[in-house]
Amino acid sequence: MLKKFSEALIGWNLEDDRGKPVPATYQGLLTQEVSFAMEIIRAWMEAIANVPKPSPTGLNGSGTYPEQSIPMEVS
């Protein structure tokens, strides 16, 4: 599980006891206590499971792309 999570990990602001940044890598993750690492993974899983749906008007308020409303038939 730690290996899979580390493959998705892009970055973090985690520091060790001396204030040194912990690398956002598998090796950096291994330096942490298992219970703490699992808490990080749990929080990440909750965050990706609760991604909000896109706004119906898009981010710029101009509506959705026309391509999204083109009906597509499967043969």
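The numbers here are math on the coordinates, done by the rules we state, and not lab data. All values reported here derive from a predicted model rather than from experimental measurement. Cβ: placed from backbone, ideal geometry, glycine included. Neighbour counts: every protein chain shown.
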Item to check | Sorted peptide list for 32-43, 6-17, criterion being average Cβ within 10 angstrom, highest first | outcome: 32-43, 6-17
Item to check | Extension gain, residue 32 back to residue 12 (0.36 nm per residue minus Cα-Cα distance, nm) | outcome: 5.9 nm
Checklist entry - If you average over every viewing direction, what projected area does the convex hull of the Cα atoms of region 2-52 give, in nm²? => result 3.7
